[in-house]
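Working notes, structure below.
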Amino acid sequence: MLSQREYEDLLWKINNIPSTITGKKRQHLRTTFKKKLHEHELATKYPPFEPLKFEQVFINFRTTDSTLIHLIDQIKSTTVFTLDTESIIIPYQPNAPALIQVQIILSESFSYVVLIEMCHLPRAYEHTFTLVKQFFQTLFNADNNIFIWGDISELHNFCSYNLFTYDQLDLCNPINLQDAFKTHWNTQHPHQPTTSASTNYSECICEECLGFQKKKTWSLQNAVAFELSRWLDKRQTTSNFDIGLDPTLYHFNSAEIAHRQSLIRYAVYDCLSMQQIMLKL
Ligand SMILES: [Zn+2]
C-alpha cells in the first residue's frame, strides 16, 4: 500500500505527464500510473486475500520420484483443477514461458498447488522427466475439469519444453473461468435503474455502472475484489518467475529467499483465488 504522500505524488504524476512525452510512451506511462492507483485503491478498500488450506509443491530437477508418483496419484483421485501460467517479459521478443501452476483440488478444505519450474527441469534422459510428462498426461485427460482464467492457448508456448503436446491440450477439457465469471456477474447483477425516491448516487453494480466495458474480460483481481471483497496483490505481475523459486533449489541468502516467497505467494494465489471464485458460481 502507498503512503499518503506516495499516493498524492502518484495522483499528481497522472495529471502532470510532461507534454514532451507523447504518443505510445505517454499512453504506456498513463496506464502504468493508473494500474498503480487501482492497486492502491483495492488495497485500501479490501483486506488481503486469504486462501483456503493448501500445500505447495515444486517440480524441478530436485523433485524426487516418490513426490512425482504421489502427485500423479493425487491427480487421479479428483477431477477438479485450476491452472495458471507465468511468463517473463523480454524486450522486443515474445514472452518467455517460465512457470505453470496446477492446483489439485481434493476437497473444499484441502488442495495441492504444484509449481512446475520450466527453466529448472530435470534433463530429458532422467526418469523424473518421464514422470513429469506422466504428470501432465494424467492431468490433460478429457474427464478432468481444468479451470483457467482465460484460454488454454496460454499453454501453447510451453509445448517447447516437450512435457506435453498441442494434441494433448486439444484433448483436455479446459473451462474458461474468466468467461463463466462474466456471465455469472451479468446474471446476478443486471442494471438497476435509480428510482425517483432514491438519491442521485447509484448503487448499481452492473458492469456498465462499475465502469467496465461490455466487451472486456474481467481481470482476476477485479473479480476477487467485487465477488470476494478481497485484495489480490498483483504488484509482482511482471516479475522474474524463472529464477528458481524452490528455496532448496540452490543456496540462497535470506533476501533472496524473501523475494522468492513473495513470487511464490503471487503464483499460488492466482490458483487459490480462482478456486474461491468457482465456489461462488
Ligand atoms: Zn447499472
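Readers should treat all values here as calculations from the given coordinates under stated rules, not as data from a laboratory. The structure presented is a predicted model; accordingly, all values stated were derived computationally and were not measured. Note that we place each Cβ from the backbone using ideal geometry, even for glycine, and neighbour counts take in every protein chain shown.
For the reader, a short list of remarks on this structure follows.
- Cα-based helix-to-principal-axis angle, 4-15 vs the chain, degrees rounded to 10: 80 degrees
- Reducing region 1-24 and region 127-183 to their Cα centroids gives an inter-centroid distance of 41 Å.
- Amide H contacts of I59 (H built 1.01 Å from N, under 5 Å, at least 5 apart or other chain): L115, I116, E117
- For region 257-272, Karplus couplings with θ = phi - 60° (6.51, -1.76, 1.60), whole Hz, Gly/Pro x: 5, 4, 4, 5, 4, 5, 5, 4, 4, 4, 5, 6, 5, 4, 5, 5
- All C-alpha pair distances within the chain, sorted into 5 Å bins from zero, spread as 1, 5, 10, 14, 16, 16, 13, 10, 7, 4, 2, 1, 0, 0, 0 percent across the bins.
- Note, ³J(HN,Hα) from phi for region 17-30, Karplus 6.51, -1.76, 1.60, rounded to Hz, x at Gly and Pro: 5, x, 5, 6, 8, 10, x, 4, 4, 5, 4, 4, 5, 4
- All lysines inside 25 Å of K34 as judged from Cα atoms, apart from same-chain residues fewer than 8 positions distant: K13, K24, K25, K45, K182, K214, K215, K216, K234
- Descending Cα extents along the principal axes, region 4-45, whole Å: 33, 17, 10
- Spin-label model distance (nm) - L52 vs K24, 7 Å beyond Cα toward Cβ: 4.4 nm
- Mean residue ellipticity (222 nm) of the chain, computed from DSSP H runs ≥ 4 via -39,500 (n - 2.57), nearest 500: -13000 deg cm²/dmol
- Using θ = phi - 60° and Karplus 6.51 cos²θ - 1.76 cosθ + 1.60, couplings along region 188-193 (whole Hz; Gly, Pro as x): 6, 10, x, 4, 10, x
- Pairwise FRET efficiency - N253 versus K34, Cβ, R0 = 35 Å, nearest 0.05: 0.50
- What separates the Cα centres of region 25-46 and region 71-88 is a distance of 32 Å.
- Amide H within-cut-off set for I88, under 5 Å, with H built and near neighbours excluded: A96, A98
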